[in-house]
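The values are calculated or read from the model by the stated rules, or taken from the named source; none is laboratory data. What you see is a predicted model, and the numbers here were worked out from it, not measured in a lab. A quick note on method: Cβ atoms are made from the backbone with ideal geometry, for glycine too, and the neighbour counts reach across all protein chains shown.
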Amino acid sequence: MPLPKAELHLHIEGTLEPELAFALAARNGVELPYADTEELRKAYLFDDLQSFLDLYYGLMAVLRTEADFEELADAYLARAAAQGVRHAEIFFDPQAHTARGIPFATVVEGLGRALDRSEERHGVSTRLIMCFLRDQSAESAMATLEEAKPHLRRITGVGLDSAEVGHPPSKFAAVYEAAGALGLRKVAHAGEEGPAAYVREALDVLGVERIDHGLRCMEDPELVERLVRERVPLTLCPLSNVRLRAVDILEEHPLPRMMAAGLLCTVNSDDPAYFGGYVDDTFRAVHEALGIGQEGLRELARNSFEAAFLDGGPEEEALRARYLAEVAAYTFD
């Protein structure tokens, strides 16, 4: 059994494997521009962020019904459980679906059905985080938050994703303030493509509790000191960083330096169907390429549970304590 861990940076649409994409396409009468799963899998070898996003959003056409979203989430949770995931905080992009005529309720209720039975079926506790697309307007984000209001029992927090450059966190200040007033937790992608200044904005303007990615914080020593002092978690995605050219090769990833600086780092898979591995594959990759030893891997796993949104009362804190005990007791092969 792999090391127990939480996954805190996972886009459910990014778990769409070619086989499932073709199955859903057949079920929903969608014609894909690929001859078969092998040709589609070759298309997953994209060149940069934009070519990835073009493929990523294009394939969403196969997701039409509640059953489709339920099947997508259940397939991820089965894989995650096999990779040692005990708790998953899952991003979804409602604007990418409502823009193609799929009702908000279809998306969130379909995902929710899989999440509702996740602990019983897979042994994985879950949270659902609704992301705003930062390359869309702030008004669109606010409208999405309004659409979410009847479904807040299913949604733990809000996030911010998609193309970062030119779309600073401050663009979404009003919608984050409104989300906070609804009691939603707040996270945001920052410092992946964008500069370290975006990390500061996410903290100071949006009031986020976690930074998704954040690797470019290393360009700002004062920011690093602040992140260490305030124990702000970073949800790093090393395989994603390499595939999207944020880092040239995995051996050059700053993760070891970030850990040595005292940052609260976690390791996650981001969009695993596209980026070459799920979360335990990522743990193995950083162990092999970056020389992170067993105690370093244990630290990353421990951090993942400490950074999780498991502080809603005694029952959730007990669950966190149980997961941390599993990490402490784990014996590496």
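If you take the residues of the range 25-81 that are among the basic types (K, R) and within 23 Å of A114 (Cβ to Cβ), which of them is surrounded by the most Cβ atoms within 10 Å (Cβ to Cβ)?
Of everything passing the filter in the range 25-81, R64 is surrounded by the most Cβ atoms within 10 Å (Cβ to Cβ).
Do we have any residue at all in the range 228-235 that's at pLDDT below 95 and in contact with a Gly (Cβ under 6 Å, 6 or more places away or on another chain)?
Taking the range 228-235 as the starting set, the residues that turn out to be at pLDDT below 95 are none.
No: zero hits.
Can you pull out every residue in the range 298-333 that is over 19 Å from the mean Cα position of the chain (by Cα) and aliphatic (A, V, I, L, M)?
Result: A318, L319, A321, L324, A325, V327, A328, A329.
If you check A73, A78, which single one turns out to be modelled with pLDDT of 95 or more, closer than 30 Å to N303 by Cβ and either outside any helix (DSSP H, G or I) or under 16 Å from the mean Cα position of the chain (by Cα) (or both)?
Testing whether each residue is modelled with pLDDT of 95 or more, closer than 30 Å to N303 by Cβ and either outside any helix (DSSP H, G or I) or under 16 Å from the mean Cα position of the chain (by Cα) (or both) leaves just A73.
Do you know which of the residues in the range 146-162 that are in a loop (DSSP other than H, G, I, E, B) and modelled with pLDDT of 95 or more is surrounded by the fewest Cβ atoms within 10 Å (Cβ to Cβ)?
Restricting attention to the range 146-162, the residues satisfying the condition of being in a loop (DSSP other than H, G, I, E, B) are 155-156, 162.
Still in the list and also modelled with pLDDT of 95 or more: 155-156.
Values: I155: 23, T156: 18.
Among those that are in a loop (DSSP other than H, G, I, E, B) and modelled with pLDDT of 95 or more, it is T156.
When the residues of the range 52-70 are narrowed to those that are among the charged types (D, E, K, R) and modelled with pLDDT of 95 or more, which ends up nearest to S137 (Cα to Cα)?
The initial filter retains those residues of the range 52-70 that are among the charged types (D, E, K, R), namely 54, 64, 66, 68, 70.
Restricting the remaining residues to those that are modelled with pLDDT of 95 or more gives 64, 66, 68, 70.
On the way: R64: 24, E66: 27, D68: 28, E70: 28 Å.
Once the filter is applied, the top-ranked residue is R64.
Only one residue in V247, V205 is in contact with a His (Cβ under 8 Å, 6 or more places away or on another chain) and more than 22 Å from H87 (Cα to Cα). Which one?
Working: V205 fails: in contact with a His (Cβ under 8 Å, 6 or more places away or on another chain).
That would be V247, the only listed residue that is in contact with a His (Cβ under 8 Å, 6 or more places away or on another chain) and more than 22 Å from H87 (Cα to Cα).
Of the residues A285, A289, A308, A246, which single one is of a type outside the set (S, T, Y), touching a residue at least 24 places away in the same chain (Cβ under 8 Å), part of a helix (DSSP H, G or I) and touching an Asp or Glu at 6+ places or on another chain (Cβ under 7 Å)?
Of A285, A289, A308, A246, the one residue that is of a type outside the set (S, T, Y), touching a residue at least 24 places away in the same chain (Cβ under 8 Å), part of a helix (DSSP H, G or I) and touching an Asp or Glu at 6+ places or on another chain (Cβ under 7 Å) is A289.
Identify, by number, the condition in (1) in contact with an Asp or Glu (Cβ under 8 Å, 6 or more places away or on another chain); (2) modelled with pLDDT under 95; (3) among the charged types (D, E, K, R) that K42 doesn't meet.
For K42, the exception is condition (1).
Residues of the range 99-141 being among the acidic types (D, E) and more than 18 Å from the chain's Cα centre (by Cα), which ones?
Taking the range 99-141 first, the residues among the acidic types (D, E) are 109, 116, 119-120, 135, 139.
Listed by number, the residues that qualify are E109, D116, E119, E120, E139.
Name the single residue, out of those in the range 189-207 being part of a loop (DSSP other than H, G, I, E, B) and among the acidic types (D, E), that is surrounded by the most Cβ atoms within 10 Å (Cβ to Cβ). I'd like the intermediate steps shown before the answer.
In the first step, residues of the range 189-207 are kept if they are part of a loop (DSSP other than H, G, I, E, B); the result is 191-195, 205-207.
Of the ones still in play, those that are also among the acidic types (D, E) are 192-193.
On the way: E192: 24, E193: 18.
Top of the filtered list is E192.
In this structure, is G84 in contact with a helix residue (DSSP H, G or I) (Cβ under 7 Å, 6 or more places away or on another chain) and farther than 17 Å from F172 by Cα? Steps first, please.
Numbers: in contact with a helix residue (DSSP H, G or I) (Cβ under 7 Å, 6 or more places away or on another chain): yes; farther than 17 Å from F172 by Cα: yes.
Yes; evaluated as a whole, the condition is true for this residue.
What are the pairs with Cβ atoms under 9 angstrom where one residue, in the range 163-180, is over 12 Å from L203 (Cα atoms) and at pLDDT 95 or above and the other, located anywhere, is part of a helix (DSSP H, G or I) and β-branched (V, I, T)? Sequence gap at least six, or different chains.
V175/T144
So, A23, is that one without any contact (Cβ under 8 Å) to a residue 12 or more places away in the chain, in a helix (DSSP H, G or I) and touching a helix residue (DSSP H, G or I) at 6+ places or on another chain (Cβ under 9 Å) or not? Let's see the steps before the verdict.
Values: without any contact (Cβ under 8 Å) to a residue 12 or more places away in the chain: yes; in a helix (DSSP H, G or I): yes; touching a helix residue (DSSP H, G or I) at 6+ places or on another chain (Cβ under 9 Å): yes.
When the stated conditions are applied, A23 passes them.
Could you list all residues from the range 89-106 that are buried (at least 24 other Cβ atoms within 10 Å of the Cβ) and β-branched (V, I, T)?
Within the range 89-106, just I90 meets the criteria.
Among R210, R185, R231, R154, which is under 17 Å from G262 (Cα atoms), touching a residue at least 40 places away in the same chain (Cβ under 8 Å) and in contact with a strand residue (DSSP E or B) (Cβ under 6 Å, 6 or more places away or on another chain)? Full working, then the answer.
On the way: R185 fails: under 17 Å from G262 (Cα atoms); R231 fails: touching a residue at least 40 places away in the same chain (Cβ under 8 Å); R154 fails: under 17 Å from G262 (Cα atoms).
Residue meeting the stated conditions: R210.
Is there a residue in the range 89-98 that is among the hydroxyl-bearing types (S, T, Y) and touching a Lys or Arg at 6+ places or on another chain (Cβ under 8 Å)? Walk me through it before giving the result.
Initial filter on the range 89-98 (among the hydroxyl-bearing types (S, T, Y)): 98.
Next, from what is left, pick out any that are touching a Lys or Arg at 6+ places or on another chain (Cβ under 8 Å): none.
No.
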